[in-house]
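K.L.:
To start, I am sharing the structure in question, which I have written as structure tokens.
What follows draws every value from the coordinates through simple rules; no lab data is involved. Quick caveat, the model's predicted, so the values are computed rather than measured. Positions of Cβ are generated from backbone atoms using ideal geometry, with glycine treated the same way; all protein chains shown enter the neighbour counts.
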Amino acid sequence: MFFKHTLQGILLFILAAMALRADELASQKREVYMLKGQLYEQEQALKLADIAKKKNGIFMGVILGSMTFNTAYYAQVHPLVYGLRVGYQKYLKDYIGGLRFYGEYLRADTTKMTYQLGSANLDVIADVPLDNNNRYALGGYAGVGMGWVGYGMNTFGLKPDVSHLGIVFNLGLALTLNIKHRIELGIKIPPLVSQAKGLYSFATTNAYMVSYNLLF
């Protein structure tokens, strides 16, 4: 009888020890899993911060577009709009959204007129990544700025001029290629849409533009 009770005690002790060991192993596995999760989160945070850092910097762009003009001297004309922009963009740590500040100069010429639009702009920019490495993205932008419009034409010896300061609005879509290259389709609403002055009148639509920006 004594031997039987002793054997049962030993078996119970072994089972308890095995159960305790199993709990310890499970606890260790949970700790390892949690540590791996924390390490992965840290690696992802560093990766996203590095991507955001690469998307920050000075950029330069070229612009082509179109506007429609109406004047007192001739009906609608649709000159080519061309221009340049230079600025700086800064993304947040999540690399998805940010801000950019830039100066932009647009010009349109015909045989009888010259149109100029210079502006200082502040846009909110946002991107949705298209690949796992976040080097390609589809996004958009929206913003405002302060702009100057200058317009002049030579007809029958007259040289009427328009010069106006006001607010401009920017809105568009963007495609980012390999982080450094950005193609945009956008609309720019100029500060002066129409003006009449004596026998002279001038009116324009918004500027519809395609642009390419290179990030340095």
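K.L.:
Provide the gained length on full extension for the span Q28 to T205, in nm with one decimal, where the gain is 0.36 nm per separating residue minus the Cα-Cα distance.
P.N.:
On the way: separation 177, 0.36 × 177 = 63.72 nm, distance 6.85 nm.
Full-extension gain reported as 56.9 nm.
K.L.:
Okay, next question. Modelled label-to-label distance, K90 and Y136, 7 Å Cα→beta-carbon offset: nm?
P.N.:
3.1
K.L.:
Also, I was wondering about something else. What's the exposure ranking of M18, M60, going from fewest to most Cβ atoms within 10 Å?
P.N.:
Taking fewest neighbouring Cβ atoms as first place, the list is M18, M60.
K.L.:
What is the distance, in nm, between label points placed 7 Å from the Cα along the Cα-to-Cβ direction at V124 and at L214?
P.N.:
3.1
K.L.:
A further question follows. Name the residues whose placed amide hydrogens come within less than 5 Å of the amide hydrogen of N56, ignoring near sequence neighbours (fewer than 5 apart) on the same chain.
P.N.:
Y91
K.L.:
Now for a different question. Around V81, which amide H atoms from residues at least 5 apart in sequence, or from another chain, sit under 5 Å from its own amide H, with H modelled in the peptide plane?
P.N.:
Long-range HN contacts for V81: G65, S66, M67.
K.L.:
Between E41 and Q76, what is the spin-label point distance in nm, taking each point 7 Å from the Cα along the Cα→C-beta axis?
P.N.:
Each label point is offset 7 Å from its Cα along the Cβ direction, giving 5.8 nm.
K.L.:
Could you run the Karplus curve 6.51 cos²θ - 1.76 cosθ + 1.60 with θ = phi - 60° over segment 210-215 and give me ³J(HN,Hα) per residue in whole Hz, x for Gly and Pro?
P.N.:
Karplus-based 3J(HN,Hα) across segment 210-215 equals 10, 9, 10, 10, 10, 8 Hz.
K.L.:
Output wanted: per-residue J couplings in Hz (rounded whole) for segment 127-143, from phi through Karplus 6.51 cos²θ - 1.76 cosθ + 1.60, θ = phi - 60°, x for Gly and Pro.
P.N.:
10, 10, x, 10, 9, 5, 8, 6, 9, 10, 8, 10, x, x, 8, 7, x
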